[in-house]
Amino acid sequence: MGMEDDILKDFLSESKENLELLDQQFVELEEEPDNAELIRSIFRTIHTIKGTSGFFGFTTLEGIAHFAEDILSKLRDGVVAVDEDIITMLLKAVDYIKAILATLEQTGKEPDDTAYLDFIVDLRNFAEKVAKRAAAGGSQEEAPPAAEEAKEEPAEESAAAEEEDKAEAAEEAPKDEPAAKEETHKAEKKEEEKKETAPPAKSKAAAPPVVAPQLTETHVRVDVHLLDKLMNLAGELVLSRNRLTQIANQLNNPDLLTANQRMSLAVTEIQEQIMKTRMQPIGNVFNKFPRIVRDLARNANKQVQLRIEGAETELDRSIIEVIKDPLTHMVRNSIDHGIEPPEIRVQKEKPSAGTLIMRAYHEGGQVIIEIQDDGAGIDPEKIKAKAVEKGVITEEQARTISDREALMLIFQPGFSTAEKVTNISGRGVGMDVVKSNIEKLGGTVELQSVVNQGTTVRIKIPLTLAIIPALIIRCGDQRYAIPQVNLEELVHLNSEAQAKDVQVIGSSEFYRLRGQILPLVRLRNVLGLEGGTEEADGGVNIVVLNSGDRQFGLVVDGISDSEEIVVKPLGSHLKHIPFYAGTTLMGDGRVALILDVVGLSSYLKLKGEESLQQKAAVAEKVAADEERQFLLLFTVGEDEYFALPLALVNRLDKIAATDIEMVGGREVVQYRGHSMPIIRMENFLPISPLAEADHYHLIVFHMNGKDIAFLVSQIDDSLDIAVDVEEHTFRQEGLLGSAIIKDRTTLFVDVYQLIQMYDPDFFAAPQTETVTGGRILLAEDSTFYRNLLSSYLEAAGFDVVTAEDGKQAWDKLQAEPFDLLITDIEMPNMNGFELTKQVRSSEALKDLPIIAVTSLSGEDDRRKGLEAGVNDYQPKLDRDQVLEAVGRLLNEARYSQAA
Amino acid sequence: MAGQNVNLPAESETREIATEESTLFATFYFGEHFFGLPIDEVIEINRALEITPVPKAPPYVAGVVNLRGQILTAINLAHRIGLECDSEKGTNSLNNVIIGHRDEPVSLLVERIGDVMSVPKGQIEPPPDMIAGVDIRYVRQVCKLPGQLLIILDSEELQAPPVESHKSEV
């Protein structure tokens, strides 16, 4: 019995939802009588109800469902056209079903009322009439005379039911009692007139529209403004609570503290609950898309299948409202520019119908929405050409920007890639609007695209806008709030650590955070505040932030506390300032500004742009699809310029010439309590020697557990730049090649090789269980990285074969045996993920150890890589980690072979 | 609202006219200048509220203030209309005239609050071509009072946000 109860409960709740939907669908059907999918969907719902009620033995319900299904089947098969009468009758049937379900919910039994039986008879007659019409084949014609008599009644009813239809059926929310009564007042009256046979009292209770309250007694319809107001009040409550907590802590009265704590819990709960009332499933928006997609696809003469995933994901209704237009726009773009016409898709060996996926899920307190198509993808070259043509960027810029940056150009104002303007898109409302709308919500947009494979747009937005957890920081004599979603971690450096790990290069500062280079932004500089900055101990507070497309460190004066804050908008005089997302009230009633992390990171970009301009003015041959990296530029002799990846550098230092000692024929300096060998590059490279000076600069490396440094005359600058290394002109031992940077020929130093030339045993010793003698295939499209990686792999004793892209690598894997594959992720022809998948699906190679290397280390890429089947994932420039991974995987492979 | 008990000018003739065709103005001072705003454009007048500065804001914005939970932009009248003001001493001591619409009121910072004054419509004139030290753009009308010029400000213009230009660039 218990189980049956459960099933009944499930059936009731499911049917309730379906029926609400049915109302809406019927209305749609009326507007769009040819929509076969809609008819099928309605049919399925009714069919399920029929089946289940049969199972439970609810005969009345089964009867109504049966005849309704009968009529629907005619519609579905297209033998009868949808008309008003039919819809009216079916809606009526839905009302009766609802009423029965309501009684079932209350009493567990079907209502015992002849009104229902009467209706079954009506419905059956009507169904017969429809069947006759179908038999006559006159779907468009007038009903045959025989049916005229029968028709009269439904027609009359239809007037009544239509009222409901208009007033109520379109409402998606469940009805509460007074509302339902009001809306169905007229219908009820007629109902009563008609069903004089039924006892009046009962008729009132059992006639379908009136019973509705029972069906929906767990739901109350509430004005949205009321909810908003409640939300605001909850906000005020939170503020008062915060203030009270402060006072209580000051007074330190145990009773007050306890009372406050209890209240605090209640307030938190209230806030959460009110927040929940505002949460809606994103399905409310997603559900509008099947129709939109269908229409768009039809207009564009394309075949598109829409898949919706995660429709139940909830977010704040204010966000849901705002998100709809941007989503529509992006779906339009996908269909219009992304998915190809069927005939072209067939040529490309893709299924003729394109797939469009709308997906939503929660991740780390945020909602991620993805729109993914398997269409033509976006060609960065086309974008660049278009951008130049439209004057968004200059030709020089076009040459220097990376593919990723090129894709982001789509979000620039006045940009549209549509080759022809269609009536769907390309009307000047561009993706820039989409981006700014989403950023207004505190969200970010990212774009990923592979030519001929499709495009994915990923939107990240906060769950709610009203009350957010935030970190309160101090700067100057004011407090600022930073939304917790953007917060990665906090770092405090004392003056010693600061001197060690914060590097000032040119006008920029960097902090080395666990091997990653983190650009620093001083909030004081951003806000133009003057005065002393540091903490008492001369240290700095770094707030590590993530703006979606990059990580950076924000240097602030002090860090206060974590607090729930109520977001209030900025006035129109202040909205244009990119650094603020809003304002909030602190517990003491004072105002604090909320920092906009995306805006702050744009400050960083602005600074980066200076270097972009330098690049643009200069670079003749800078390939666009090289990966960007931070380079350290320095000089040794005069007029000779060198570069090396900043990520390899452990720190920079300045020493006096007198600090250099000669020990055992080698030059060393005292460094962190031991002697560190220093290398004069001119001893190993054909370059002009270091000029005698009082002071020199040291570029210190920490590798293989040891420190070693290059002695140079001047540290020039650091640049975040994409360079194409020309390897032919200057390729020789100790050099990776050359490139033009800032208008000067700059030599790229092969740090590993140079160190090995200085000390052949430097890399030999304490590597953990050094494995040597393995054949490694290295797939890497960037010349620079290819040389760098193979240089240190060879130095470590491996036999390295290189390939320039995934395709080449695959061919080589087929031809010769390898012990291990190291692959880049971003490569032309076949990228690292695809290569990995292909290897994993091949019988002969499926156990080959694979290490993915990348210049970026996003958690997302890492996950994707591991999903694709790589064994390990390492940053390219981290020699020690890569070698450690190689050693470990080769050991494992050998061990498992031996076993 | 303070508008209920009005301090009318003393003369009884003016009072008569006032009942027919006159406008009520909330008045205030900044430096030597005497300003007025039609009373129905003023929401309330408030003594000093604490101002939180907003770095990088336009120069005429003194910061933001908390008016019973609503956060308003505070506009320094002197800076807004180009008054030479030597009283840089502390914007926090200035008074707040809250003006504007329900959706986004603005606090106008003034030095001293004056009376509410009824002015016959006939005495109100269009602004002259120039008023020393005042950007004429913000002046809607003037009214020559005995010994004093009442400058009637254009509250729309005072509230007008900066031209939308920067946001999209960022």
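Things to note:
- A cut-off of 5 Å between modelled amide H atoms, ignoring neighbours fewer than 5 places along the same chain, links A:Glu509 with A:Leu520.
- Residue order for A:Arg879, B:Arg137, A:Arg359 - accessible surface, 1.4 angstrom probe, largest first: B:Arg137, A:Arg359, A:Arg879
- Two-site label geometry, A:Leu265 and B:Glu50: point separation in nm, points 7 Å out along Cα→Cβ: 3.2 nm
- Leading residue at positive end of dipole, the range A:628-758 (Cβ point charges), from A:Ser738, A:Tyr758, A:Pro686: A:Tyr758
- 5 angstrom amide H check on A:Glu340, placed H, neighbours 5+ away: A:Ala376
- Shape call, the range A:797-899: gyration tensor on alpha carbons, a/c limit 1.5: rounded
- Charge dipole (debye, nearest 20) of the range A:21-122; +1 at Cβ of Lys and Arg, -1 at Cβ of Asp and Glu: 500 debye
- For the range A:658-674, 3J(HN,Hα) per residue [Karplus equation, 6.51 cos²θ - 1.76 cosθ + 1.60, θ = phi - 60°, Hz, x = Gly/Pro]: 6, 6, 6, 10, 9, 10, x, x, 10, 8, 9, 10, 6, 8, 6, x, 9
- Overall shape: oblate for the range A:331-415, with the ratio a/c of the largest to smallest alpha carbon gyration tensor axis at 1.5 or above and b/c at least equal to a/b.
- Magnitude of the charge dipole, the range A:639-688, Cβ model with Lys/Arg +1 and Asp/Glu -1, debye to 20: 260 debye
- J(HN,Hα) series, the range B:42-55, from Karplus relation 6.51 cos²θ - 1.76 cosθ + 1.60, nearest Hz, glycine and proline x: 9, 7, 6, 10, 9, 5, 3, 10, 6, 9, 9, x, 10, x
- Three principal axis lengths of the range A:628-758 [C-alpha, angstrom, descending]: 39, 30, 25
- Across the range A:579-591, computed HN-Hα scalar couplings (Karplus, 6.51 cos²θ - 1.76 cosθ + 1.60, θ = phi - 60°) run 8, 10, 9, x, 10, 8, 9, 7, x, 8, x, 8, 8 Hz from first to last residue, x flagging Gly and Pro.
- Residues whose amide H comes within less than 5 Å of that of A:Phe701, counting only those at least five positions distant or on another chain, are A:Asn650, A:Ile708, A:Ala709, A:Phe710 (H built at 1.01 Å from N in the peptide plane).
- When the square roots of the Cα gyration tensor eigenvalues are ordered a ≥ b ≥ c, the ratio a/c for the range A:773-825 is 1.5 or more and a/b does not exceed b/c, which makes its shape oblate.
- Estimated dipole of the range A:238-393 in Debye, rounded to 20 [Cβ of Lys and Arg +1, of Asp and Glu -1, Cα centre]: 340 debye
The values are calculated or read from the model by the stated rules, or taken from the named source; none is laboratory data. Just so we're clear, the structure is a prediction, and the values are computed from it rather than from any experiment. Virtual Cβ from ideal backbone geometry, glycine too; neighbours counted across all protein chains shown. Remember, those area values only see protein heavy atoms, side chains included, never the ligands or the DNA or RNA. Shrake-Rupley method; radii C 1.70, N 1.55, O 1.52, S 1.80 Å.
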